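Scroll down for the structure; my scribbles are underneath it.
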Amino acid sequence: LKVSATDCPLFPTHSPADLFADQSFADPFPLPAECRRCYGMMGWRMGYLAYDESNSDLAESLLKVQDTIPICPTQISQHMALGALREGAPWIAERVASLEANRRRALGALRPLGEGSVTRSDGAIYLWAKLPDGMDDAEVVETLVKEHKVCIIPGSSCGSPGFVRVAFANLTEEACEEACGRLERGLKQILQDARK
């Protein structure tokens, strides 16, 4: 049985081969997908696994572990996931397009930190940004919340002191525009104050 990380950024438009540099791993690989990234449903904690039923060894192995999978999702999450699956590719394209627009806004808001400060990644619903050396990420976040009314996550809360995590999903484009404006103004002010 080949194992996949549960947090894989696989969209229904991708194939399992998209996950592997070594293509020998891709076939016949169970196709995992999570509704968070595939369908823009962050926080709903839903996913699915599709596989070739003719592979009886794989089917038997999956049955051994499946009891840990369906015990936690709430009914509302299950209904939301079924709705997303029924709507299919057009709905996904719309959700992914809104995520990309918000991602561009968030990247713009982090410009004050300078070239190369943002760790670029495809498929993520957040950005990692390195603060200038010597800046305390928790203090930066506290200042942004108290003085600029925008909240991001200090990297130290995620094991990466000196960084911040900026999520851009689950926001309308208008709300993201407002939040990113506050973030950019806040970072500019913090950096200006640090130079004094």
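Screening Trp128 with (1) in a loop (DSSP other than H, G, I, E, B); (2) buried (at least 16 other Cβ atoms within 10 Å of the Cβ) gives one miss only, at (1).
Condition first: out of contact with any strand residue (DSSP E or B) (no Cβ under 9 Å at 6 or more places or on another chain), in contact (Cβ under 8 Å) with a residue 24 or more places away in the chain and loosely packed, with under 12 Cβ neighbours inside 10 Å. Can you find one or more residues in the stretch 90-111 that meet it? No: zero hits.
Restricting attention to the stretch 142-169, which residues are assigned to a helix (DSSP H, G or I) and more than 13 Å from Arg182 (Cβ to Cβ)? Answer for the stretch 142-169, where residues must be assigned to a helix (DSSP H, G or I) and more than 13 Å from Arg182 (Cβ to Cβ): Glu142, Gly155, Ser156, Ser157, Cys158.
Looking at the structure I just gave you, is Ser121 outside any helix (DSSP H, G or I) and on the phi < 0 side of the Ramachandran plot? Judged against the criteria, Ser121 is a match. Residue count for the stretch 156-175, restricted to those that are more than 15 Å from the chain's Cα centre (by Cα) and more than 19 Å from Arg105 (Cβ to Cβ): 7.
Each reported figure results from applying straightforward, stated rules to the coordinates on display, with no laboratory input. Note that this is a predicted model, so its numbers are computed, not measured. Note: ideal-geometry Cβ built from the backbone for every residue, glycine included; neighbour counts use all protein chains shown.
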